[in-house]
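Here is the structure we will look at, set down as structure tokens.
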Amino acid sequence: MTDGGDMVGTQVTLAGYAESVRGRGGVCFVMLRDGTGRIQAFLKRDAMDESVFESIQSSSRESTISVTGIVAQKRPPKTPEGVPAPPPEYEVSVSSAEILALAEAPLPVGVVDDVNVGLDVRLDNRHLDVRRAHVNAMFQLRSKVLQYGREHLIEEGFSEMNSPKIIASASEGGTNLFPMMYFDTPAYLSQSPQLYKQLAVLGGLERVFEIGPAFRAEKHDTYRHLNEFVSFDIEAAWCDDEDVMGVLERMIHSIWSRISADDQDLVDIINTYRHTQGLESVIVEVPELPFPRIPYDDAIKIVKEGGGDIEWGDDIESHHCDLIASKYPGFHFIPRWPMSMKPFYIHHKEGEMGSTGGQLSRGFDLNYGRDEMTSGGQREHRVEVLEQNLRDMDLDPDDFSFYTDGFRYGAPPHAGWGLGVARLLMVLTGAGNVREVVLFPRDRSRVTP
RNA sequence: GCCCCGAUGGUGUAGUGGCCUAUCAUGCAGCCCUGUCGAGGCUGCGACCCGGGUUCAAAUCCCGGUCGGGGCGCCA
């Protein structure tokens, strides 16, 4: 929507939500809002059908209304002596109007009210919550992230795939699955496209990606976990962990660059809101390439130097990540984890040992500050090593034949990763909770709306 | 699964055993004024999560439940 100066005198028809309806006498002001902006509609009782005028004047906030009228310059506000007049603004001088759908009152959550609404109430009324400008902007940014990420991967030669979400057995292991009945057969909701994207690569698709849901039946209750989340996943043949780390950092760099260049308006809307809450602006700072690599060995040293209680072979926990984040506040990779801490399908190279002599893997994480964004790695493509890995972890290879059978007929070395879309959005939007950037989140206690 | 905290009108809050016939804001209804502009003025409406218990007296203390928040574990 332009500021309207070039449209003065033109007849227009506009429809939108009535953000406010003011004026109780012979005049009425309706602030109309749609996905592109807002404009004031000015109604005069004696300039239009009286019953229509009254229906508009008595309509409730957030009702949808259509108006037809002439674009005109607003009457300038009275300004005190010596104060310069503000720039001209424009409005629609209405000749006819129609209520498309009346909103019930009161609203369960105010769209422009001066009160902070709790997240839970907002999520119960997400369709109204999304009408708030900054919430709307967050979801438009989410769409941009998905678009730019997808376009970047396609440019790097990846093709998009879809894997089944109803599966017969665990496709990755290590997490609890949601059980379900598939007709008369017990089945599960997929926790990861891991196995299927590998099978696609083994089948010769070479470079694939998928943006899709994953389901985990973990009873976690944190700002960064959901039981259903959208994962940005890739898998690439003839690649090692370093190669796909390169894909990942280039993709994030591309997303940040394009948002910084083209979508600052969305970020500004978010910042306008943040300022009313006393929060600092979020700044889209394009990260420099390459991202820092802090191998597990070095990460352990940093944690120890920072006073953290940790030994080689321990997991790097959230409070340890705080110590690392104080040195590396932005994106950083943590590659070369101990093989003993990684799943059986992660590749290792014989002779690559950590500082205490333990076997290293080709698994890596990507963190932003304290938060894990991605986990990935080079996969083990040699079936006999896969089976040995299982035995080393006290697992029975026969129980994993659904996985290992795919590797019996030749397999390219390959690597991949899975990126939590909502976690990336948290970084971009400054949201303190993944639920902010997921339209209809599913957590431990929420299955509606 | 573990630890801590919380639940008051539609929404966000004040309230720490009697001053509560419960505060304020926002909202809603109505009136006045008005080409308003985060409009203004006046009047009104609307709430102590559920179930037990303690007490002369409970929004307030205790127990259980439900829901929510924060942290941890695990992960993306």
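Could you tell me the center-to-center distance, by alpha carbons, between region A:106-155 and region A:343-390 in angstrom?
37
Which of the lysines could a cross-linker span from residue A:327 if the Cα-Cα distance has to be under 27 Å and same-chain partners fewer than 8 positions apart are dropped?
A:301, A:304, A:342
What would the Debye equation give as log₁₀ I(q)/I(0) for region A:5-101 at q = 0.14 Å⁻¹, counting only Cα atoms as equal point scatterers?
-0.50
Grab the beta carbon distance between residue A:317 and residue A:355, set R0 = 25 Å, and tell me the FRET efficiency rounded to 0.05. Write out the running numbers ahead of the final one.
Details: r = 19 Å, r/R0 = 0.78.
Approximately 0.80, to the nearest 0.05.
For chain A, with the dipole built from +1 on Lys and Arg beta-carbon atoms and -1 on Asp and Glu ones, taken about the Cα centre, which of A:254, A:145, A:188 lies farthest toward the positive end?
About the Cα centre, the residue reaching furthest to the positive side is A:145.
Bin all alpha-carbon pair distances of region A:187-271 at 10 Å intervals from 0 and give each bin's fraction as a whole percent.
With 10 Å bins starting at 0, P(r) equals 14, 30, 34, 19, 2.
Apply the Karplus parameterisation 6.51 cos²θ - 1.76 cosθ + 1.60, with θ equal to phi minus 60°, to every residue of region A:339-349 and state each ³J(HN,Hα) to the nearest whole Hz, in sequence, with x for glycine and proline.
4, 5, 9, 10, x, 4, 8, 7, 7, 9, 10
About its Cα centre, how strong a charge dipole does chain A have in debye, to the nearest 20, once Lys and Arg get +1 and Asp and Glu get -1 at the Cβ?
Numbers: 44 positive and 69 negative charges, 268 e Å.
Using only the charged Cβ atoms, the result is roughly 1280 debye.
Testing the spin-label approximation: label points 7 Å from Cα along Cα→Cβ at residue A:151 and residue A:73. State their distance in nm.
Going by the 7 Å Cα→Cβ label model, 3.9 nm.
Based on the Kirkwood radius over alpha-carbon pairs, what value in µm²/s does the Stokes-Einstein equation return for the translational diffusion coefficient of chain A at 25 °C and 0.890 mPa s?
In µm²/s, the coefficient is 97.
From the residues A:287, A:97, A:119, which one has its Cα farthest along the dipole of chain A in the positive direction, the dipole being from +1 and -1 charges on Cβ of Lys/Arg and Asp/Glu about the Cα centre?
The one lying farthest along the dipole's positive direction is A:97.
Take every DSSP beta bridge whose two residues both sit in chain A, then give the antiparallel share in percent to the nearest 5.
Details: 74 of 80 bridges.
Antiparallel bridges: around 90 percent, rounded to the nearest 5.
Using θ = phi - 60° and the Karplus relation 6.51 cos²θ - 1.76 cosθ + 1.60, list the HN-Hα couplings for region A:233-242 in order, rounded to whole Hz, with x at every Gly or Pro.
10, 10, 8, 9, 6, 6, 10, 10, 4, 4
For the peptides A:371-384, A:263-276, what is the packing order when you average, over each peptide's residues, the other Cβ atoms within 10 Å and list the highest mean first?
Ranking, from highest mean packing down: A:371-384, A:263-276.
Rank by packing, highest mean first: peptides A:198-209, A:11-22, with packing defined as the count of other Cβ atoms within 10 Å averaged across residues. Display every interim value, and only then the final one.
Values: A:198-209: 19.8, A:11-22: 16.4.
The densest-packed peptide leads the list: A:198-209, A:11-22.
Return the FRET efficiency for the residue pair residue A:29, residue A:327: r is the Cβ-Cβ distance, R0 is 51 Å, and the value is rounded to the nearest 0.05. All intermediate terms of the calculation are to be shown ahead of the outcome.
Values: r = 55 Å, r/R0 = 1.08.
Step by step, r from the Cβ atoms, then E = 0.40.
Can you tell me the orientation of helix A:133-155 relative to chain A, as the angle in degrees between its alpha-carbon axis and the longest Cα principal axis, to the nearest 10?
That works out to roughly 40 degrees.
Which order, highest average first, do A:350-362, A:112-124 follow once you tally other Cβ atoms within 10 Å for each residue and take the mean per peptide? Don't skip to the answer; put the middle values down first.
Details: A:350-362: 14.8, A:112-124: 12.1.
By packing density, highest mean first, the sequence is A:350-362, A:112-124.
What does the extension gain come out to for residue A:183 and residue A:265, with contour length at 0.36 nm per residue minus their alpha carbon separation? Write down the numbers at each step before the final one.
Values: separation 82, 0.36 × 82 = 29.52 nm, distance 4.89 nm.
Residue separation times 0.36 nm, minus the Cα-Cα distance, leaves 24.6 nm.
Angle check, please: helix A:264-276 long axis (alpha carbons) against the longest principal axis of chain A (alpha carbons), in degrees 0 to 90, nearest 10.
Around 80 degrees separate the two axes.
Hey, with R₀ at 60 Å, roughly what FRET efficiency would residue A:130 and residue A:384 work out to, going by the Cβ-Cβ distance, to 0.05? Write out the running numbers ahead of the final one.
On the way: r = 53 Å, r/R0 = 0.88.
Efficiency at R0 = 60 Å is approximately 0.70.
Under a Cβ-only charge scheme (Lys and Arg +1, Asp and Glu -1), can you give me the dipole magnitude of region A:324-449 about the Cα centre, in debye to the nearest 20?
Numbers: 15 positive and 16 negative charges, 135 e Å.
Taking the Cα centre of region A:324-449 as origin, the dipole is about 640 debye.
Over region A:5-101, what is the percentage of antiparallel beta bridges among all DSSP beta bridges, to the nearest 5?
Working: 30 of 33 bridges.
Beta bridges within region A:5-101, antiparallel portion: roughly 90 percent.
Values quoted throughout were computed directly from the atomic coordinates according to the rules given, and no laboratory measurement underlies them. Model, not experiment: these values are computed from the prediction. Neighbour counts are summed over all protein chains in view; Cβ atoms, including those assigned to glycine, are modelled from backbone coordinates with ideal geometry.
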